[in-house]
1. Roughly how far apart, in whole Å, are the Cα centres of the range 100-157 and the range 1-67?
2. Can you tell me which of 66-75, 40-49 comes out highest on packing, and rank the rest after it, using the mean Cβ neighbours within 10 Å?
3. Rounded to the nearest 0.05, what FRET efficiency do Asn101 and Gln30 give with R0 = 41 Å and r taken as the Cβ-Cβ distance? Could you check?
4. Can you sort Ile58, Ile84, Ile53 by how many other beta carbons sit within 10 Å, fewest first?
5. Mind counting lysine pairs for me in the chain? Cα separation below 14 Å, and the two need to be 8 or more apart along the chain or on different chains.
6. Report, by chain and number, residues whose modeled amide H sits under 5 Å from the one on Asn109, excluding near sequence neighbours (fewer than 5 apart, same chain).
7. When the chain is treated as a GNM, springs tying every alpha-carbon pair under 10 Å, which of Phe135, Phe20, Phe113 comes out with the largest mean-square fluctuation?
8. What are the ³J(HN,Hα) couplings of the range 110-126, residue after residue, when phi is run through the Karplus curve with 6.51, -1.76, 1.60 and θ = phi - 60°? Round to Hz, x for glycine and proline.
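Computed from the coordinates by the stated procedures, all read-outs in this text should not be read as laboratory data. Only a predicted model underlies this, so the values are computations on that prediction, with no experimental measurement involved. FYI the Cβ positions are ideal-geometry reconstructions off the backbone, even for glycines, and counts take in every protein chain you see.
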Amino acid sequence: MVKELESVWDYPRPPKLEPFNGHVRIVHNQKVIADSNRAFRVLETSHPPTYYIPMDDINMDHFEHNAHNSFCEYKGTASYLNLIVGEKMVRNAGWFYVNPNKAFSEIKNYASFYASKFDECIVNDEKVLSQEGDFYGGWITSNIKGPFKGGPGTYGW
């Protein structure tokens with residue numbers, strides 16, 4: 001089966017929230033951190049999709065809230081999570097919106113994660129590549145084509 005290519009330059013701005021018809025999984029230190037068939041994708045011009053996973057499908061025993069937050073003009077104020085597996089901690093591994101703006105209300109009680117901070121993030125049995133930089137958190141699969149914002153020299157795009 002040939003995958004249909006998606007150009008991030010065809011994604012909308014403001015971003016679009018859509019249910020994802022597929023499977024996402026996160027593994028770190030040989031532990032399944034998240035496993036879901038109920039995720040959402042956020043699609044935004046120049047960025048690979050970010051995946052939001054219901055907290056019910058995340059092993060929240062491996063996370064702690066921290067004091068860091070950020071603001072998105074479309075989604076609202078994000079709170080951040082540290083990942084703890086065994087003796088290892090990864091700061092700001094993921095984020096969530098306690099009270100997302102109306103257009104993104106469906107991702108309340110969902111979290112998104114930086115693929116770069118985990119051993120494996122998988123979409124439909126394909127290990128993803130992480131979006132360059134540490135601001136956007138997009139997941140790149142073989143059917144997503146750029147160029148992508150996020151790396152050095154791209155913030156002015």
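1. Cα centroid to Cα centroid, the span is 7 Å.
2. Highest to lowest by the protection proxy: 40-49, 66-75.
3. On the way: r = 37 Å, r/R0 = 0.91.
Calculated transfer efficiency: 0.65.
4. Working: Ile58 22, Ile84 14, Ile53 25.
Exposure proxy ranking, most exposed first: Ile84, Ile58, Ile53.
5. Taking the chain as the scope, the lysine pair count is 9.
6. The list, which skips near neighbours in sequence, is Tyr97.
7. Among Phe135, Phe20, Phe113, the largest GNM mean-square fluctuation belongs to Phe135.
8. Ordered by residue, 3J(HN,Hα) equals 10, 10, 10, 9, 7, 4, 5, 9, 10, 5, 8, 10, 10, 10, 6, 6, 10 Hz.
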